[in-house]
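Asks: Okay, here's the structure, questions in a sec.
The values are calculated or read from the model by the stated rules, or taken from the named source; none is laboratory data. Note that the structure is a prediction, hence the values are computed from the model and not measured. All Cβ positions, even for glycine, are placed from backbone atoms using ideal geometry, and neighbour counts span all protein chains on display.
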Amino acid sequence: MGKPLRIAMLGWAWPPLGPREGSGMNLNVGELAAALAARGHEVAYLRAGVTYSLRPGVRVHRHDAWRGVRLYDLANSRNLATANFNFRNPSRQCSDEATTVAVIAWLGEVRPDLVHVHSMEGFGFDLIPAIAARRIPVVVTPHNYYWLCPQIDLFRRESRICDDYMAGDACIGCLEAPRPAKEFARRACEQTLTRVKAVGGPGGALASIALPMAQRLLASPHRPTTPEPAVDARAAEQSLLAGVGHGAGENAYANRRRAGVAALNACHAVLCPSHCLLDVHRSMGVEPSRLKVVYLGQPHFDAINAASCASLGYTKPPWTPASSRPLRLAFYGNVHPNKGLGVLAGAIEQLPPGIATRVEILIRVGAGDEPWRERLGRFGWVRFAGAYAPGDLPAMVGEADVGLFPNQGLDNSPFVMLEHLHAGRFTLCSNVGGPRGWITPPRNGLLISANETAAWADAIASIVDGRVTLPTPSQVHAASGLVTHAQHVDAVEQEYRNAMG
């Protein structure tokens with residue numbers, strides 16, 4: 001594959017923490033970085049927006065290497081990660097001179113052949129042209145819509161697809177977020193006092209007293225975002241892709257969108273994990289010549305796939321209406337509104353009794369599932385199994401016949417959907433966002449109206465009553481266009497060399 005490269009990666013999450021910080025994005029970044037290092041490349045990773053100190057000034061700290069990847073942490077960025085804490089900071093997101101100067105100095109020490117940006121949370125968009133001005137190629141993988149949307153998901157008020165940002169006016173008040181200066185001060189005080197406390201001695205004793213006082217004084221009480229009425233999600237996506245008015249507006253959020261698009265247009269390549277993500281970025285002004293699709297692969301995807309291939313039922317349909325046991329369906333993920341647990345709950349409540357007696361629905365989500373347990377507790381055929389880790393999934397291949405992903409937003413390359421498909425599961429998804437690039441009804445799943453609970457109930461019933469026939473896991477694999485982790489790394493590595501000319 002050619003000579004080893006020096007690669008600098010930028011993001012906000014800490015790779016050693018995997019999905020515990022940054023979810024699937026961080027898992028993908030960490031595994032990619034480690035795989036590149038294992039191939040002989042020099043990989044340095046810098047995060048920003050997380051570490052703060054009462055000691056003034058922006059600076060970069062080096063940490064111990066992890067799986068061959070050199071780790072660095074930029075302290076005191078004026079752009080806070082994650083994006084929800086920085087929502088009211090659009091002008092700083094456009095330009096953060098102190099952070100940009102510190103990153104450029106760090107690049108001078110690392111001397112990379114190219115820079116791969118995985119997230120701009122913690123950085124300003126002005127960083128990209130500053131890097132390009134030094135003739136260092138920049139490649140971007142947008143794991144969400146942050147470059148275009150300060151909420152990151154184009155999901156207005158955490159309730160529906162944002163089809164019209166109203167020249168930036170729709171962004172105002174979209175999220176209930178803390179004031180950036182207060183959150184900066186809270187983090188600086190809390191983290192500094194925590195470090196002093198850990199040292200012990202008289203200073204540690206004083207820090208133990210001061211820490212809870214500072215936390216109370218600087219706390220920003222959580223205020224839930226007021227949702228908006230549901231809309232036709234597919235129509236909203238089509239309206240968004242029509243591209244009307246995306247560059248309009250003169251307020252800070254409109255300026256932010258233009259700055260994000262301009263930064264992407266200063267890159268050599270924008271590697272989108274799905275066609276949906278590519279289409280959205282193109283509709284908002286990113287030059288088509290820079291946009292490419294590079295599908296995600298993960299080691300745990302490979303392990304799930306291998307477990308499915310080795311199963312005794314790999315070449316047999318997992319369930320038919322003649323089966324003696326119920327049809328088993330599984331929802332994995334979290335309780336965030338865009339993942340669609342509310343839609344699934346509504347569908348469960350609408351299943352006819354004759355259908356309900358023939359299904360079992362497993363729900364695996366982590367924190368925050370108590371209201372859903374209470375709401376669905378009267379259905380004995382619905383079972384909550386708590387959180388899970390990616391490493392658990394290969395052993396869970398046989399626990400369900402059908403996967404459920406009732407996404408309400410524009411999920412670009414959903415790990416949950418890909419995990420179901422690698423398991424060889426027929427998967428029910430909403431007809432918006434990334435799933436439309438993988439699901440080919442009825443070969444490997446169904447695409448269902450996103451927020452129509454009756455349609456979801458009917459889709460489940462269609463399998464039970466035989467209107468839809470489940471394929472074999474081997475047929476699901478053949479229909480899904482899945483890639484291995486090695487293929488993913490190969491594709492990224494090739495894009496690096498293309499960017500370098």
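Asks: Inside the stretch 282-329, can you point out the residues that are closer than 30 Å to R256 by Cβ and assigned to a helix (DSSP H, G or I)? Walk me through it before giving the result.
Replies: Initially, the stretch 282-329 is screened for residues closer than 30 Å to R256 by Cβ, giving 282-296.
The answer is R282, S283, P288, S289, R290.
Asks: Within the stretch 410-434, work out how many residues are within 21 Å of T472 (Cβ to Cβ) and touching a Cys at 6+ places or on another chain (Cβ under 7 Å).
Replies: We begin by selecting, within the stretch 410-434, every residue within 21 Å of T472 (Cβ to Cβ); these are 417-429.
Right, trim to touching a Cys at 6+ places or on another chain (Cβ under 7 Å) and you get 417.
Adding up the residues that qualify gives 1.
Asks: If the Cβ limit is 8 Å and pairs must be 6+ apart or interchain, which residue in the stretch 145-159 that is over 10 Å from G260 (Cα atoms) pairs with which residue that is of a type outside the set (F, W, Y) and assigned to a strand (DSSP E or B)?
Replies: L154/I161; F155/I161
Asks: Limited to the stretch 273-289, what total is found for residues that are β-branched (V, I, T) and under 16 Å from V432 (Cβ atoms)? Show your work before the answer.
Replies: Step one: list which residues in the stretch 273-289 are β-branched (V, I, T), which gives 280, 286.
Applying the additional criterion that residues be under 16 Å from V432 (Cβ atoms) yields 280.
Qualifying residue count for the region: 1.
Asks: So, one more: Would you check if there is a residue in the stretch 424-445 being within 20 Å of S323 (Cβ to Cβ), in a helix (DSSP H, G or I) and outside the structural domain of M25 (by TED's automatic domain parsing)?
Replies: Scanning the stretch 424-445, I find no residue that is within 20 Å of S323 (Cβ to Cβ), in a helix (DSSP H, G or I) and outside the structural domain of M25 (by TED's automatic domain parsing), so the answer is no.
Asks: Taking the stretch 37-95 as the region of interest, how many residues are closer than 19 Å to P15 by Cβ and basic (K, R)?
Replies: 5
Asks: Out of the residues in the stretch 320-352 meeting the condition of being more than 29 Å from the chain's Cα centre (by Cα) and buried (at least 20 other Cβ atoms within 10 Å of the Cβ), tell me which one is nearest to R156 (Cα to Cα).
Replies: So the residue we want is L351.
Asks: Please pick out the residue among A13, A34, A44 that is outside any loop (DSSP other than H, G, I, E, B), surrounded by 21 or more Cβ atoms within 10 Å (Cβ to Cβ), in contact (Cβ under 8 Å) with a residue 24 or more places away in the chain and of a type in the set (G, A, S).
Replies: A44
Asks: Among the residues of the stretch 199-237, count how many are part of a helix (DSSP H, G or I), closer than 30 Å to S53 by Cβ and of a type outside the set (G, A, S). Write out each step before concluding.
Replies: First, pick out the residues of the stretch 199-237 that are part of a helix (DSSP H, G or I): 199, 201-218, 233-237.
With the extra rule that they be closer than 30 Å to S53 by Cβ, the set shrinks to 199, 201-218.
Narrowing further to those that are of a type outside the set (G, A, S): 199, 202, 206, 209, 211-213, 215-218.
Residues meeting the conditions: 11.
Asks: Mind listing whichever residues of the stretch 471-488 are surrounded by fewer than 21 Cβ atoms within 10 Å (Cβ to Cβ), over 20 Å from C276 (Cα atoms) and among the hydrophobic types (A, V, I, L, M, F, W, C)?
Replies: A478, A486
Asks: Can you tell me which residues in the stretch 210-231 are touching a residue at least 40 places away in the same chain (Cβ under 8 Å) and crowded, with 17+ Cβ neighbours inside 10 Å?
Replies: Result: T225, single match.
Asks: Considering only residues that are surrounded by 15 or more Cβ atoms within 10 Å (Cβ to Cβ), within 27 Å of the chain's Cα centre (by Cα) and in a loop (DSSP other than H, G, I, E, B), which ones fall in the stretch 367-387?
Replies: Selection gives D369 alone.
Asks: For residues that are small (G, A, S) and assigned to a helix (DSSP H, G or I), scanning just the stretch 446-465, find the one that is surrounded by the fewest Cβ atoms within 10 Å (Cβ to Cβ).
Replies: To start, the set of residues in the stretch 446-465 that are small (G, A, S) comprises 449-450, 454-455, 457, 459, 461-462.
Cutting the leftovers down to assigned to a helix (DSSP H, G or I) gives us 454-455, 457, 459, 461-462.
On the way: A454: 11, A455: 18, A457: 21, A459: 24, A461: 20, S462: 16.
So, considering only residues that are small (G, A, S) and assigned to a helix (DSSP H, G or I), the one surrounded by the fewest Cβ atoms within 10 Å (Cβ to Cβ) is A454.
Residue-by-condition table, conditions (1) closer than 21 Å to E158 by Cβ; (2) at pLDDT below 95:
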{"residue": "P224", "(1), (2)": "yes, yes"}
{"residue": "Q238", "(1), (2)": "no, yes"}
{"residue": "L241", "(1), (2)": "no, yes"}
{"residue": "R256", "(1), (2)": "yes, no"}
{"residue": "V270", "(1), (2)": "no, no"}
{"residue": "L277", "(1), (2)": "yes, no"}
{"residue": "S289", "(1), (2)": "no, no"}
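Asks: Six or more apart or on different chains, Cβ under 7 Å: which pairs go from a residue in the stretch 444-460 that's farther than 19 Å from H420 by Cβ to one that's among the β-branched types (V, I, T) and part of a helix (DSSP H, G or I)? Could you list them?
Replies: N451/V343; T453/V343
Asks: Considering S91, S77, S119, which residue is buried (at least 23 other Cβ atoms within 10 Å of the Cβ), of a type in the set (S, T, Y) and in contact with a helix residue (DSSP H, G or I) (Cβ under 6 Å, 6 or more places away or on another chain)? Let's see the steps before the verdict.
Replies: Working: S91 fails: buried (at least 23 other Cβ atoms within 10 Å of the Cβ); S119 fails: in contact with a helix residue (DSSP H, G or I) (Cβ under 6 Å, 6 or more places away or on another chain).
One residue alone meets the criteria, S77.
Asks: Here is a follow-up. Which ones in the stretch 388-400 are within 20 Å of the chain's Cα centre (by Cα) and either in a loop (DSSP other than H, G, I, E, B) or not assigned by TED's automatic domain parsing to the domain that holds P318 (or both)?
Replies: Within the stretch 388-400, Y388, A389 meet the criteria.
Asks: Could you check Y253 against (1) outside any helix (DSSP H, G or I); (2) touching a Gly at 6+ places or on another chain (Cβ under 6 Å) and say which number it fails?
Replies: (1)
Asks: Give the number of residues within the stretch 167-189 that are free of Cβ contacts under 8 Å to residues at least 60 places away in the same chain, more than 16 Å from F87 (Cβ to Cβ) and crowded, with 17+ Cβ neighbours inside 10 Å.
Replies: 0
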